[in-house]
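Read the structure below first, then the notes.
Each reported figure results from applying straightforward, stated rules to the coordinates on display, with no laboratory input. The structure presented is a predicted model; accordingly, all values stated were derived computationally and were not measured. Backbone-built Cβ (ideal geometry, glycine too); neighbour counts: all protein chains shown.
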Amino acid sequence: MFENLTEKLSKTLRNLRGVGKLTEDNISEALAEVRKALLSADVHFRVVREFIDEVKGACLGQDVLKSVSPGQQVVKIINDELVKLLGEGSAELRDEKPLRILMVGLHGAGKTTTSAKLAKCLAKDGKSPMLVACDIYRPAAIDQLEFLANQENFSFYSDRTSKNVPQIARAAWEESKQNGADVIIFDTAGRLQIDDELVGELEILNKEVNPHEILLVADAALGQEAVNVAKTFHEKLGLSGIVLTKLDGDARGGSALSMKKVTGAPIKFMGVGEKIDDFEVFHPDRLASRILGMGDVVSLVEKAQENLDEEESARMAEKILKAEFDFEDFLSQMKQMKKLGSMGSIAKMLPGMGNVQVGDKEEAALAKHEAIILSMTKEERRVPRIIGGSRRKRIATGSGVQIRDVNQLIKQFSQMQKMMKKMKGGKMRRMMEGFGGGGMPSMEDMDPKELAKLAKQFK
């Protein structure tokens with residue numbers, strides 16, 4: 001997501017960091033590159049023009065603060081304008097009970113899957129969702145929604161014999177009163193394109209359901225076409241919000257940057273993967289930070305708090321502080337990290353990692369390391385120095401790898417242990433206490449060179 005844009009913006013902003021004074025010339029030169037980067041990311045040209053004008057006006061209209069460099073100030077201005085562009089604040093769903101949500105969109109945008117993802121997201125907040133199958137045209141739509149509902153133990157309603165969608169919705173509404181659902185999500189049919197028949201059906205259903213929220217599920221990979229689709233749906237139905245899907249596969253991301261400005265409808269959620277948990281509340285400030293390569297540490301911490309075992313994390317933190325981290329601990333951490341998602345998704349949330357490619361190769365390397373460690377005995381994991389030639393041969397055979405792979409992992413792990421011992425002390429403690437106390441460690445406590453060395457150990 002946004003890899004190309006992040007890379008180009010980062011390069012442009014780096015060139016500004018050495019500038020001693022902001023002038024119209026160097027600002028114009030930098031913003032010309034920013035304009036190219038945004039257009040290549042498929043951001044709407046009118047949005048780009050207005051964005052550049054706003055940034056230029058803000059840059060030239062401010063005095064340079066003594067506490068920051070001109071380059072840093074420009075980054076701050078661009079970040080603020082990106083937040084404005086994406087839509088300031090968090091666009092929350094209405095607080096109604098029961099909350100009725102109508103999911104609309106074109107065929108292939110991912111409405112059915114997104115309906116289940118939204119239900120899962122709301123269930124985490126203590127809601128009791130009910131999924132309603134109102135797509136009677138796509139053969140597998142009802143089966144798919146029922147499967148996802150059963151998988152998560154959500155209430156589900158369908159009528160496989162009826163072709164009257166408003167009647168199905170009305171019956172589901174009556175049933176929800178009996179099962180205690182406080183959120184009712186209606187999954188509707190889509191088309192390959194917006195036509196009068198589709199709009200007419202949705203308008204009738206809208207009157208019948210009288211939803212509190214009408215959410216458009218839009219495929220981010222469509223770029224500007226997704227923006228046009230959103231604009232048309234908004235004009236016809238009056239959208240309350242947008243859910244952007246497939247952001248994990250869209251390297252350009254122009255639709256996310258254009259959607260709010262062009263349609264006036266806020267982006268409320270985004271799908272960032274295929275799994276039902278790959279779904280996030282849309283935070284403009286956090287996304288702006290990701291785009292500029294500054295990471296999204298807040299979301300990472302929230303993900304960690306939600307998925308990781310608190311006691312296990314505290315135990316591990318203490319072992320790291322004492323530089324007593326062994327293969328047993330490494331295996332435990334690998335299992336914990338899997339709960340957060342792919343390596344690529346985690347990397348994008350780390351400051352400075354926005355344009356670093358972490359893909360299938362890195363995932364495969366991590367899987368190989370796990371297999372090697374699982375082939376070790378408990379004693380070998382805890383005391384790696386006892387792993388001699390015969391033991392390494394046995395481990396390689398058991399994990400299906402070459403002996404050199406085992407040798408390399410042990411060597412790298414040894415180097416990492418040495419690095420931890422070097423970092424042992426007050427600096428590391430302050431960092432770990434930041435996590436343990438529910439807050440974030442200060443970035444000034446982190447030595448970039450040391451972290452970079454540490455990150456390289458398991459590549």
Quiz item: Quick one: which of 8/124; 84/124; 56/231; 120/411 span more than 32 angstrom between C-alpha atoms?
Solution: 8/124; 120/411
Practice problem: Which order do the peptides 212-221, 160-169 take when ranked by the mean count of other beta-carbon atoms within 10 Å per residue, highest first? | Solution: 212-221, 160-169
Self-check item: Amide H partners (placed H, <5 Å) of residue 223, local residues excluded
Solution: 255
Practice problem: Compute the FRET efficiency between residue 24 and residue 193 as 1/(1 + (r/R0)^6), taking r as their Cβ-Cβ distance and R0 = 45 Å, and round to the nearest 0.05. | Solution: 0.50
Exercise. Per residue of the stretch 223-231, in order, report the coupling 6.51 cos²θ - 1.76 cosθ + 1.60 (Karplus, θ = phi - 60°) as ³J(HN,Hα) in whole Hz, putting x for Gly and Pro.
Key: x, 5, 4, 5, 5, 5, 4, 4, 4
Exercise. Subtracting the Cα-Cα distance from 0.36 nm times the residue separation, let me have the gained length for residue 162 to residue 417 in nm, one decimal.
Key: 85.3 nm
Self-check item: Amide proton proximity set for residue 245, modelled H, under 5 Å, gap of 5+
Solution: 218, 219, 220, 271
Quiz item: Looking at this model, which pairs from 76/268; 36/246; 111/368 are more than 28 angstrom apart at the alpha-carbon?
Solution: 111/368
Quiz prompt | Under the Karplus curve 6.51 cos²θ - 1.76 cosθ + 1.60, θ = phi - 60°, whole-Hz ³J(HN,Hα) for the stretch 181-198, x wherever Gly or Pro sits | solution = 5, 10, 9, 10, 10, 9, 8, 9, 6, x, 9, 6, 8, 6, 9, 4, 5, 4
Quiz prompt | Long-range HN-HN contacts of residue 279 with modeled amide H, under 5 Å | solution = 272
Quiz item: Taking R0 as 41 Å, what's the FRET efficiency between residue 378 and residue 404 from their Cβ-Cβ distance, rounded to 0.05?
Solution: 0.95
Practice problem: Return the sequence-ordered ³J(HN,Hα) values of the stretch 36-53 in whole Hz as given by the Karplus equation 6.51 cos²θ - 1.76 cosθ + 1.60 applied to θ = phi - 60°, using x for Gly and Pro. | Solution: 4, 4, 5, 5, 5, 7, 6, 6, 4, 4, 5, 5, 4, 4, 5, 4, 4, 4
